[in-house]
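The values are calculated or read from the model by the stated rules, or taken from the named source; none is laboratory data. Remember, it's a predicted structure, so these values are computed and weren't measured experimentally. Positions of Cβ are backbone-derived with ideal geometry, glycine not excepted, and every protein chain shown enters the neighbour counts. Note: areas computed on protein heavy atoms with side chains; ligands, DNA, RNA excluded. Shrake-Rupley method; radii C 1.70, N 1.55, O 1.52, S 1.80 Å.
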Amino acid sequence: MSTRFSKTPGWLEYHAAPSTPTYMLPAGTVDAHCHVFGPGDTFPFAPERRYTPCDAGKEQLFALRDHLGVTRNVIVQATCHGADNSAMVDAVRACGGRARGVATVRPDVGAAELRELDSAGVRGVRFNFVKRLVDAAPKDELAAIGAKIAQLGWHIVVYFEGADLPELEGFLGSLPTPVVVDHIGRPDVTRPVGAQEFTRFLRFVERHEVWVKISCPERLSVTGPAALDGERHAYADVVPFARRVVDEFPDRVLWGTDWPHPNLTGHMPDDGLLVDHIPRVARTPWQQHKLLVENPMRLYWPGEDQPGKTV
Ligand code: 0GY
C-alpha cells in the first residue's frame, strides 16, 4: 500500500479473488477499458484529483488478464493521475506489445511528447466531461488537442453522462478523429430502452460512426448484482441497452472490464462475473468475436493477425 496517499473513505477496493468465468473468452480477446492506479509511492496521484484510489498497479492488472483469459489490454488514463501518463505508459511498455494506451494530455502538448507516447503504444486521448470527476476543459482547448492527435492517426475516447449528450453532441460530431464512447454513453437504465434519451444516443452513434464501449454494467445498473425474480443474472436492467447497441452496431463495439473499478461505493463486481455477462449482451459467437477481438484489433492493432476472424 502507498505510504504517501490514503484511499478516499468509502471507496471499495477491487475484487480480491474474482471467480473463474464460465464463459470462455475467444482467443485474442482485448480488454479495451481498464486502468492502473499508481502504486502511489512510485507514480504519485495528481494534486487536482477528485478521489484517491487504492494502489492497483500493472502486476495486478496482468494477473487479472491471465486469470480471465484476456490476451491484450487497452489501459485508459484515469482522472486520479491527471495528465501525468507515467503509470499508464510504464504498464503499456511492460506488456511487450500486448497493451495499448489512451492518454490525457494538455492543450499545449508538443509534437515530441506525442511522438514519445505514440512509440510507447498510446493510440488515443481521453476527453472527460463527467462533472464529478473533472472540471470540463474549454472546448476550444479540446479541439486544439484533437487537431494535433489526428495527425498521428489516433482517436478520441469520450466519457459523459447520457443526460449531457444534447449539449455535447455538436462538439463531439465535429472532432476530426474516430470517437469512442465510454460505458454505453451512461444511459439512465430506469427508463425504457426506446425512450427519447437513448434513441438520441443511438442516432448520434449512427450519424457520426461512433464506437461504443459495452462496459460497466455494474456502474450503470440500479438492480445490481443480485439475481432478480425471473432473471437469473446480474445487472439485468443494463442488458437491453447493451444488446441494442451490439445488435445495431456490431462493427463498432468494444468490451472492457473497467478494472480496478474506480469510485464504487455500493458493491465491487466480481470480474469473472463481468465476463459471464458478455454472452447475455452479445448473443452469437459472431457478435462476440467482433466485440472482443476483431473490433479492438482494428482500432488498436490494425494490420495484425486476428485469431478466428469471421469474415
Ligand atoms: C467513474 C468511472 C471511471 C472513472 C474514471 O478517470 C476516471 O477517474 O475513468 C471509469 O473507470 O471509467 O464513473 O468514476
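Annotation: amide H-H contacts under 5 Å for residue 122 (H modelled 1.01 Å from N, sequence separation of 5 or more, or interchain): 101. Heavy-atom accessible area with a 1.4 Å probe sorts 84, 276, largest first, into 84, 276. Highest average first, the peptides 73-81, 49-57, 186-194 ordered by how many other beta carbon atoms sit within 10 Å of their residues are 73-81, 49-57, 186-194.
Positive end of the dipole of segment 134-268 (Cβ unit charges, origin at the Cα centre): among 146, 236, 211, the Cα lying farthest that way belongs to 211.
With a cut-off of 15 Å, note down the residues of segment 67-106 whose backbone N falls inside the zone around a label point 7 Å from the Cα of residue 20 toward its beta carbon. Zone members listed by number: 67-70.
Enter the Cα centre distance for the pair segment 267-302 and segment 1-20, rounded to the nearest angstrom. So the two Cα centres are separated by 25 Å. The residues of the chain expose on average 41 square angstrom of accessible surface per residue, using a 1.4 Å probe on protein heavy atoms.
Once each of the GluC sites (Glu not before Pro) sitting in a DSSP loop with at most 16 other beta-carbon atoms within 10 Å is removed, the chain keeps 49-160 as its longest stretch.
Here the spin labels are modelled as points 7 Å beyond Cα on the Cα-Cβ line, and at residue 251 and residue 164 they lie 3.1 nm apart.
Rolling a 1.4 Å probe over the protein heavy atoms of segment 30-300, with every protein chain left in place, gives an accessible area that is 51 percent carbon and sulfur.
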